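Everything below concerns the one structure shown next.
The values are calculated or read from the model by the stated rules, or taken from the named source; none is laboratory data. All values derive from a computational prediction rather than experimental measurement. These accessible areas exclude ligands, DNA and RNA; they are computed on the full protein's heavy atoms, side chains included. Shrake-Rupley method; radii C 1.70, N 1.55, O 1.52, S 1.80 Å.
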Amino acid sequence: MFKRDFKYYKSKKPPPDLEKVLDFNFDYNISLQNKINLQSASEFDGTLTPPKEWDAFELGSNPGLIFIRNPFTPIGQRYWITRCLKDFTRKPNKLNIDVHNYLVPGEHWWEYCEKLGDDKFTEKLRWATLGYHHNWDTKVYDERERVDFPEDLAELCRFLANCLKLGSFSAEAAIVNFYHMDSTLSGHTDHSEKNLEAPLFSVSFGQSAIFLIGGHSIEDKPTALFLHSGDVVVMTKEARLSYHGVPKILPAPSNNPWTTPIKSCNNLDGLWKPFERYVNKSRININVRQVNDV
Ligand code: OGA
Ligand code: MN
C-alpha cells in the first residue's frame, strides 16, 4: 500500500489528485485531527512565535505523529535556511559530495557555489550529516566519527520537546536533506538509533512537499500531508518507527514566510538574496535524532 500511494503521488503523468492530501494551512479537513494543548512554556527567542499561538495536532489516523504548523517567525525562517546552507555544510560535518573532493581543504561549499555560480553544481548537494555520523553503508552510528552537535539546533529541539511535554531530549545526530523540484525520498523507517523511544524531530523549509506517513508495515496505507516552510513533524511513540517518505516536491504557496519583509533588517536584504534564490527552487529538511539512552 505504501509503495502504491508513493507511486501515485510521485507521478507526473497523470498528476496526482491533491484533494485528499491533508493541508493544515486550510481548516476544512483538519477537524478529524486531535488538537494538542501546548505546555505554556516560556518564550524562546526571535526565531519562534510564542507557543501559545501555535497550532499543533496529532494525526487521528497515525497516533504519535505530531504536526506543528510553522512556529517560526520570518527571521527564524531566514536564520535556519542560512544556517543549513552556509554553516551546516562546513567541516567537520559530512556531505554527500565529499567523495568527489571538489573542495580543497579549508574551502567551504556555500562560498564555492557562490563563486562558481553554476546551479548544476549547487544541486549536487543532497545531504549533510551533523553530530554523530551515520554510516550509510553499515547503517550504524560510529563512535569514532562524532563531532559537536550545533547548540542552537539542540536547543530548538529541547524547547519543542518541552512544549509538547515529551520529556528531555538530547539531539545527537541530524541529517539535513536538500531537495530539488524533482527529488523524492522513498519509503523507509529510521531505526539505526539505539534509543528508539526518543522522538524524532523533522523541520522543513523552502518549497513544499507531500509527506507520506504509514504504519509499522509497508502494507499499511499511509496518510498524505503537505509540509510547507517552517512546518514541524515529530515522530513519537508508535509513529517513531512508522514507514514514511516524500514522493513529491511542490511549489510553495506564493505568500511563503521567508519572503515576508523584515522591517528592521532592510540593510540585510542583500545578504539574504543568495539564500532566497536557493530556496526558491529547493526544499530543506532538518531531521534530528537522539541516538543514545541518556
Ligand atoms: C529522513 C526523512 C523526511 C523529509 O531524513 O529520514 O524522513 O520530510 N526526511 O524530508
Ligand atoms: Mn526518515
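Remark: the Asp152-Lys91 segment gains 20.2 nm on full extension, using 0.36 nm per residue and subtracting the alpha carbon distance. For the residue pairs Lys91/Lys263; Lys194/Lys281; Lys86/Lys281; Lys221/Lys248; Lys12/Lys86; Lys120/Lys263, alpha carbon separations beyond 25 Å are given by Lys91/Lys263; Lys194/Lys281; Lys12/Lys86; Lys120/Lys263. Using C-alpha pairs below 8 Å separated by at least 6 residues, the relative contact order for the range 149-294 is 38 percent. For the chain, a Kirkwood hydrodynamic radius built from all Cα pairs, placed in the Stokes-Einstein relation at 10 °C and 1.306 mPa s, yields a translational diffusion coefficient of 81 µm²/s.
Residues whose amide H comes within less than 5 Å of that of Tyr132, counting only those at least five positions distant or on another chain, are Val147, Ala173, Ala174 (H built at 1.01 Å from N in the peptide plane).
A straight line joining the Cα centroids of the range 166-180 and the range 214-286 runs 14 Å.
For Glu114, the solvent-accessible surface with a 1.4 Å probe is about 100 Å², rounded to the nearest 10.
Remark on Asn62: its backbone amide H falls under 5 Å from none of the residues 5 or more positions apart or on other chains, H modelled at 1.01 Å from N.
Binned at 10 Å from 0, what are the whole-percent values of the Cα-Cα distance distribution for the range 93-218, short to long? Pairs per bin, as whole percents: 9, 34, 39, 15, 2. Taking a ≥ b ≥ c as the square roots of the eigenvalues of the Cα gyration tensor, an a/c ratio of 1.5 or more together with a/b larger than b/c marks the range 29-129 as prolate.
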